[in-house]
Amino acid sequence: MHQRLPDGSSRAISIPSPLAPTQAVGFDYSALPPDVAEEARATAHHVRERTRAAIIETGRDLRRIKARLRHGLFLKWIDAEFGMTPRTAQNYMAAAALVEKNEIVSHLPPTSVVQLAAPSTPKSAHKEVVRRLEAGEPLTPPVVRSIIKDAQAEQKRGQEEIAEKRGSRPPGKHQASTPQINLQSRSQDQRQAVFEVTLEDPVDPATESKAAVKALRLLMDRLGPDFPRFVSLFTASRGQFDDLVAEIVRDE
């Protein structure tokens, strides 16, 4: 297989076969009769293929329609038409976007694609997974989870180091006058808009990186000595923010 590079050229890469019908992925088929083992392997392969294709294709469809709907209508549409939760929609769209950027990750099991595409997964995990896949290494779900966990731990250490350095500085002059944000006191439309932000399509990596730095600095300035505490709480509750904001949006 050839991979298209940003400059328009291509390069040959080896494609791992973690999903081949003859290969067990985390299950011991040796205790089964040969004919049953063969059928079970083939069935597992077909289920993974169908599930992965459904997730990616659904994500692409959702992204396309979301881009055409007026702001604030997307969540109402997915709820009314097929009862999909905001978090599921976000997972599917993120998975589709990730595959568009790195087609090779489509060879991963469907659950791994979704986990890798999650907002809480550091970009360093994406790079590590792509590197291993391009090297021809078959990655099972436990291996992918381990890569993500290691990347999150490394990111947390970096955040804590920044927080410690920032926490030793005196608060900014504007800090005392910072208004408090209370989502519960906002109107339904305002709360809907807040959650819509979490479903925005991925932006250019360079722009995303700059925005992340600005957001981090803004939090540091606003929270001052409370920033280390925020980092600790955010890290501990990562993965739950979508659900919590969704509850706020639905709470009249």
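Near L69, no amide H atom lies under 5 Å from its own; only residues 5 or more places off or on other chains count, and H is placed 1.01 Å from N.
At full extension, A67 and L32 could sit 7.7 nm farther apart than now, given 0.36 nm per residue minus the alpha carbon distance.
In segment 13-139, with Lys and Arg counted as +1 and Asp and Glu as -1 at Cβ, which of these residues, T51, F82, H71, has the Cα nearest the positive end of the dipole, that is, farthest along it? The residue sitting farthest along the positive end of the dipole is H71.
When the C-alpha to C-alpha distance is required to be over 29 Å, the pairs from K149/K214; K123/K214; K76/K127; K66/K156 that qualify are K76/K127; K66/K156.
Any read-out appearing in this document is the output of simple, stated calculations on the displayed coordinates, not a laboratory observation. Quantities reported herein were computed from a predicted structural model and do not represent experimental measurements. Neighbour counts are summed over all protein chains in view; Cβ atoms, including those assigned to glycine, are modelled from backbone coordinates with ideal geometry.
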